[in-house]
Amino acid sequence: MKIALVSPYDFASPGGVVGHISQLYEQFIKMGHCVRIIAPCSHSEAFLEHKDLIALGKPVPVPSAGSIARVTLSPLLSSSVRAILERERFDIVHLHEPLGSTLPFIALGVSQSINVGTFHACHRVPRGYQIARPFAIRWFRRLDGKIAVSKPAMEFIGKHFPGEYEIIPNGIDLEHFSADVPPIEEFCDGKLNILFVGRLEKRKGLKYLLGAYKELKGELPNTRLIVVGPGERREYEGLVKKMNLEDVVFIGYVSYEDLARYYKTADVFCAPATGEESFGIVLLEAMAASRPIVASANEGYVSVMSHGVEGLLVPPKDENAIASALITVLGDESLRQEMGARGRLNAEKYSWQNIAQRVMDYYGSLIARHSA
């Protein structure tokens, strides 16, 4: 089968959707299929390193739901996209966030293949879809198949574009995050390590974790908070200084290889996101590493973990609840081991091998329907 995976986002910048596409690509290639990735790309190095990447459009940063999306806004790509699709003659054109930015929207408009859309996002207020619906509904109807990565993502898109959606979740590189890698040596000094992984954006809730850490530090002084992820840290460093907090370490961006080591270093993983989460990929990474979790009870996180099983769920933005949950988990080593073991079993269901096969089976059902 010949498959195009169309990304709305800069393929040279790490992120959930780009990672999702990369993993599907790897699994489909292992299955013996011919796959091309069509995406905007800001760095020629990424283009040169990936032989099956077709780079189209210059990505620019655009504010989106409390984050920054790097997408191409050029309306002049139609002829290039049409020429590529006519030349390659794909069996499947799989568009990620097909109504969310210029490149997949254009590809959907000109594609003559079987079109599949995956919807990843979940926002509180879908203003963009409210505005775009009268224009976009015509293109939405060109989708032969529709995938949502979670029930919250399906409900979000379904409010304005009702239809039949197949829920196929994000996957996890199980072998990578469960591998027996060494922890970060400098943090193996007997202190209990709390790990945060995520972009330093307001919606990721680091502000509330810092407030909770101030509270728990008085009860559990032998603790450390490790903050991993890219973004502007001055505001958070200012909070640390203002609250006179000790043992808060900002790491910044880390490589994919080192990320597994940070999970291994953690005694508990904390994800205090305030909302806008359609899924919980970082939770699954922590589960794969057999680490217990304290997380906000937003819809995306609740879709992958259960309170009291793989960890503890707390109300978003509730510093006291976060602190209490962390104290409970950090104060009981046997509980941490039990939760970590249950999380590891849960993560197995989300291996990319299993997820890619589910996507491939869905392709097959669409091809059969189309042939009939």
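The values are calculated or read from the model by the stated rules, or taken from the named source; none is laboratory data. Not measured: the values here are computed from a predicted model. Because the Cβ atoms are built from the backbone with ideal geometry, glycine has one as well, and the counts that use them run over all protein chains shown.
Regarding the stretch 57-69, can at least one residue be identified that is buried (at least 22 other Cβ atoms within 10 Å of the Cβ), at pLDDT below 95 and in contact with a strand residue (DSSP E or B) (Cβ under 7 Å, 6 or more places away or on another chain)? Give the derivation first.
Within the stretch 57-69, the subset buried (at least 22 other Cβ atoms within 10 Å of the Cβ) is 57, 59.
This time we only want the ones that are at pLDDT below 95, so: 57, 59.
With the extra rule that they be in contact with a strand residue (DSSP E or B) (Cβ under 7 Å, 6 or more places away or on another chain), the set shrinks to 59.
Yes - at least one qualifying residue is present in the stretch 57-69.
Consider Pro75 against the criteria (1) at pLDDT 95 or above; (2) out of contact with any Lys or Arg (no Cβ under 8 Å at 6 or more places or on another chain): it satisfies all of them except one. Which criterion is unmet?
Against the list (1) at pLDDT 95 or above; (2) out of contact with any Lys or Arg (no Cβ under 8 Å at 6 or more places or on another chain), Pro75 comes up short only on (1).
Just to verify a result, which residue in the stretch 89-115, among those that are in a loop (DSSP other than H, G, I, E, B) and hydrophobic (A, V, I, L, M, F, W, C), is nearest to Leu366 (Cα to Cα)? Give the steps one after another, and end with the answer.
Quick first cut of the stretch 89-115, residues in a loop (DSSP other than H, G, I, E, B) only: 89-91, 97-101, 111-113.
If we keep only those that are hydrophobic (A, V, I, L, M, F, W, C) too, we end up with 90, 99.
On the way: Phe90: 14, Leu99: 20 Å.
Filtering first and then ranking leaves Phe90.
Restricting the stretch 116-128 to residues that are surrounded by fewer than 19 Cβ atoms within 10 Å (Cβ to Cβ) and outside any loop (DSSP other than H, G, I, E, B), which is modelled with the highest pLDDT?
Gly128
Could you check the stretch 188-209 and list, in sequence order, the residues that are in a helix (DSSP H, G or I) and under 16 Å from Leu330 (Cα atoms)?
Of the stretch 188-209, the ones in a helix (DSSP H, G or I) are 202-204, 206-209.
Across the stretch 188-209, the qualifying residue is only Leu209.
Being β-branched (Val, Ile, Thr), under 28 Å from Tyr256 (Cα atoms) and not in a strand (DSSP E or B) is the filter; apply it to the stretch 136-181 and report the residue that is farthest from the chain's Cα centre (by Cα). Please lay out each step first, then the result.
Initially, the stretch 136-181 is screened for residues β-branched (Val, Ile, Thr), giving 137, 147, 149, 157, 167-168, 172, 181.
Narrowing further to those that are under 28 Å from Tyr256 (Cα atoms): 147, 149, 167-168, 172, 181.
This time we only want the ones that are not in a strand (DSSP E or B), so: 149, 168, 181.
Working: Val149: 10, Ile168: 14, Val181: 23 Å.
Top of the filtered list is Val181.
Which residues, counting only those in the stretch 8-37, are outside any helix (DSSP H, G or I) and at pLDDT 95 or above?
Quick first cut of the stretch 8-37, residues outside any helix (DSSP H, G or I) only: 8-15, 31-37.
Of everything in the stretch 8-37, those that are outside any helix (DSSP H, G or I) and at pLDDT 95 or above turn out to be Met31, Gly32, His33, Cys34, Val35, Arg36, Ile37.
Consider only pairs whose beta carbons are under 6 Å apart and that are at least six residues apart or on different chains; among these, list those whose first residue lies in the stretch 70-96 and is among the acidic types (Asp, Glu) and whose second residue is at pLDDT 90 or above.
Correct list of pairs: Asp91/Met1; Asp91/Lys2.
Among the listed residues Leu245, Leu225, which satisfies the condition of being more than 25 Å from the chain's Cα centre (by Cα) and either modelled with pLDDT of 95 or more or of a type in the set (Val, Ile, Thr) (or both)?
Values: Leu225 fails: more than 25 Å from the chain's Cα centre (by Cα).
Answer to the selection: Leu245.
So which of Tyr262, Tyr213, Tyr236 ends up being surrounded by 20 or more Cβ atoms within 10 Å (Cβ to Cβ), assigned by TED's automatic domain parsing to the domain that holds Ala325, within 23 Å of the chain's Cα centre (by Cα) and not in a loop (DSSP other than H, G, I, E, B)?
On the way: Tyr213 fails: within 23 Å of the chain's Cα centre (by Cα); Tyr236 fails: surrounded by 20 or more Cβ atoms within 10 Å (Cβ to Cβ).
Result of the check over Tyr262, Tyr213, Tyr236: Tyr262.
Being in contact with a Cys (Cβ under 7 Å, 6 or more places away or on another chain) and closer than 30 Å to Ile21 by Cβ is true for just one of Gly280, Gly300, Gly231, Gly252. Which residue is that?
Values: Gly280 fails: in contact with a Cys (Cβ under 7 Å, 6 or more places away or on another chain); Gly231 fails: in contact with a Cys (Cβ under 7 Å, 6 or more places away or on another chain); Gly252 fails: in contact with a Cys (Cβ under 7 Å, 6 or more places away or on another chain).
Criteria check complete, one pass: Gly300.
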